[in-house]
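To keep things clear, I will list the structure first and then write my remarks on it.
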Amino acid sequence: MKPLSEDQLHAYVDNELPATARLDVEQALAEDPHARASVNAWREHKRMLHARFDPVLSAPHEMHVPVRSAWRGSWPALAASLAALTVGLVGGWVGHDRFAPTTVTADDGGRSFAASAALAHAVFVPEVRHAVEVPADQETHLVNWLSKRLAAPVRVPHLAPAGWDLLGGRLLPGEPGPLAQFMYQDKGGRRLTLLVSHKAAPEVATSAFRYEQRKHIGVFYWVDGAYNYALSADLPRAELLALADAVYQELSRN
């Protein structure tokens, strides 16, 4: 059997494999102590993050995220362990006029997605050396890789005209499928993240931009067809709204 790829291991840890493929991976793991050790480490990190952040995500009001004391273990393992923390992929979408909702729905799923985006932002933004898995100078590889993992074309908004340069991106496992995170930085060192998910059968078609404040982290989130987006930053609400609109406008272009 061929050596197990990182994608296979991530999918195995995230319970994304069909039964037959899962059995094949388990058989390969029995013969591959290095891969088996990685899987065990990722599962342990998931358990640790569950214990640390589940009470935060279940809190009814502000999300008190200890940004500077976030887990500092193996970063691929930490990305895998975030699967335990992403619990819903439905948000709100902004229409052509950007602010008037065309469909009104319950927003519980969207708020969960916003909470996941705020948490992922808090965990990765303080990092200097490990802020992204794939840097911006490998953008083509980044887009192809994330598109493959999300099983749908992924586009990277370019916000340089607004003063924000792309640093790169990473893959975050989630429920019910993988998430893509892109990170940006302005000349003052402030950081901005965009979380993207894809759902083949979206539960929500359209709704307006929605906003959540998770302690110091603001999140604008929306749905555009089968794609869910959440833009997070420690910025004034009006500034973050302008950036969310810029992201939407670019992604709406052919």
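With the requirement that a residue be closer than 17 Å to PRO173 by Cβ and among the acidic types (Asp, Glu), what does segment 1-41 give you?
Result: GLU6, ASP7, ASP14, GLU16.
Taking segment 135-162 on its own, how many of its residues are under 15 Å from the mean Cα position of the chain (by Cα) and hydroxyl-bearing (Ser, Thr, Tyr)?
Going through segment 135-162 one residue at a time, the tally reaches 1.
Restricted to segment 158-182, and to residues that are without any contact (Cβ under 8 Å) to a residue 40 or more places away in the chain, in contact with a strand residue (DSSP E or B) (Cβ under 6 Å, 6 or more places away or on another chain) and of a type in the set (A, V, I, L, M, F, W, C), which residue is nearest to LYS148 (Cα to Cα)?
My answer is ALA180.
I'd like the full set of residues that are assigned to a loop (DSSP other than H, G, I, E, B) and either open to solvent by less than 20 Å² (accessible area, probe 1.4 Å) or farther than 18 Å from GLN185 by Cα (or both), limited to segment 221-249.
GLY225, ALA226, LEU235
Starting from residues that are open to solvent by 80 Å² or more (accessible area, probe 1.4 Å) and of a type in the set (Lys, Arg), keep the ones in segment 17-47 and report whichever is nearest to LEU4 (Cα to Cα).
ARG36
Determine whether segment 146-169 contains at least one residue that is touching a helix residue (DSSP H, G or I) at 6+ places or on another chain (Cβ under 9 Å), at pLDDT below 90 and aliphatic (A, V, I, L, M).
no
The values are calculated or read from the model by the stated rules, or taken from the named source; none is laboratory data. Just so it is clear, the model here is predicted, and its values are computed rather than measured. A quick note on method: Cβ atoms are made from the backbone with ideal geometry, for glycine too, and the neighbour counts reach across all protein chains shown. For the accessible areas, the whole protein counts, side chains as well, though only heavy atoms, and no ligand, DNA or RNA atoms are used. Shrake-Rupley method; radii C 1.70, N 1.55, O 1.52, S 1.80 Å.
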